[in-house]
Amino acid sequence: MTRTILSALAAACLLSGQTEQKKDRSLGYDDTPLLPGQKWRVHDVARPRPPKVIPGAQPSDAIVLFDGRNLSRWTGMLRGGAVVEPKWKVENGYMEVTPGSGHLVSKEKFGDCQLHVEWATPADGQGKGQSAGNSGVALMGHYEIQVLESLHNETYADGQAGSIYGQWPPLVNASRGPGEWQTFDIFFEAPRFESGKLVKTAYFTVVHNGVLVHHRKEVLGRAVHARVAQYAPHGPEEPLMLQNHGRPVRFRNIWIRRLNGYDEPSNDAISKPR
Ligand code: MG
């Protein structure tokens, strides 16, 4: 009798083991340890899969801010902040800074983002120091990655092409020459303010012509000339600005992606998907 019971138990264990072996782990686990600081288990079966994005010249979830045809997603902004019609020249698939017409400001606002911009300083190569093809890509209108002719043209290190203006020189000078198209791929973490106080600084990661020139570099504050940058509170999202510094710099193929966590609902309302 005892032998019969033992045999039955052994068979049950074997069956249980087989069932366990047959458990499909290919889609994930529900019995693994929790990942520290996360609400998910290792290989969690319930963890949402990232949304699919079709890669390409412009990823499928990118917002195209300039496709070479018109300035419909932009306004002009004069010194002092007056909003005007954008007057930059558009031709042959690019836009060009028209001196005296103000900056270009995106109609839409952005916080954390991935931004792709192509630009070219004037082919004539004229100008010296900060006058040689100066423009800029200012995230949230305040945090500027410098556009400048920096292949042949000498200027201060924290003001050359690819610098976080007035704060950090690029790690290397990856510049191409006057009139040549260049690329910025910018990964930006917006600063956070609470009750008018800074609670998290901004960070830049920047790739210039395929070369890393800033690796999650902490931003000291708003770009300023000949002073130490400081923060001043602003909204969680602000328009992108292309700087008019009086030189006919060209831009083309500008697209941006909002960066919002997809599986980690944040306590921070700023980063919640819209
Ligand atoms: Mg500039």
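I'd like to know which of GLY196, LEU151, GLY221 lies farthest towards the positive end of the charge dipole of the chain, counting +1 on Cβ of Lys and Arg and -1 on Cβ of Asp and Glu.
Projecting each Cα onto the dipole axis, the largest value belongs to GLY196.
Can you pick out the pairs among LYS52/LYS89; LYS52/LYS197; LYS89/LYS109; LYS52/LYS87; LYS197/LYS217 whose Cα atoms lie more than 32 Å from each other?
Listed pairs above 32 Å: LYS52/LYS89; LYS52/LYS197; LYS52/LYS87.
What is the extension gain from GLU194 to GLU108, computed as 0.36 nm multiplied by their sequence separation minus the C-alpha to C-alpha distance, in nm to one decimal?
Working it through step by step, the gained length comes to 28.7 nm.
Which value in nm describes the separation of the simple spin-label points at GLU118 and VAL45, placed 7 Å from the Cα toward the beta carbon?
4.8
What is the percent carbon and sulfur in the accessible area of the chain, measuring with a 1.4 Å probe over the protein chains and ignoring ligands?
In the chain, the share of accessible area belonging to carbon and sulfur is 54 percent.
Ignoring ligands, DNA and RNA, what accessible area per residue does the range 127-235 give at 1.4 Å, in Å²?
43
Working from Cα positions, state the angle (0 to 90°, nearest 10) between the long axis of helix 2-22 and the longest principal axis of the chain.
20
Which semi-axis lengths, in whole Å and largest first, follow from the square roots of five times the eigenvalues of the Cα gyration tensor of the range 68-162?
Square roots of five times the eigenvalues give 23, 16, 14 Å.
Rounded to the nearest 500 deg cm²/dmol, what is the calculated helix-only ellipticity per residue at 222 nm for the chain, with -39500 (n - 2.57) per DSSP H run of length n ≥ 4?
-2500 deg cm²/dmol
For the ranges 39-49, 68-78, what's the packing order if you count other beta-carbon atoms within 10 Å of each residue, average per peptide, and put the highest first?
Ranked from most to least packed, the peptides come out as 68-78, 39-49.
Please tell me the relative contact order of the chain in percent, rounded to the nearest whole number, where contacts are Cα pairs under 8 Å and at least six residues apart.
Relative contact order of the chain: 22 percent.
In Å and from the alpha-carbon atoms only, list the Rg and Dmax of the chain.
25.8, 102
Give me the one-decimal nm value for the distance between modelled label points at VAL53 and GLU218, 7 Å along each residue's Cα-to-Cβ direction.
2.7
The values are calculated or read from the model by the stated rules, or taken from the named source; none is laboratory data. Keep in mind that what you see is a predicted model, and the values were worked out from it rather than measured. Note: ideal-geometry Cβ built from the backbone for every residue, glycine included; neighbour counts use all protein chains shown. What goes into the accessible areas is simple: the full protein's heavy atoms, side chains included, and nothing from ligands, DNA or RNA. Shrake-Rupley method; radii C 1.70, N 1.55, O 1.52, S 1.80 Å.
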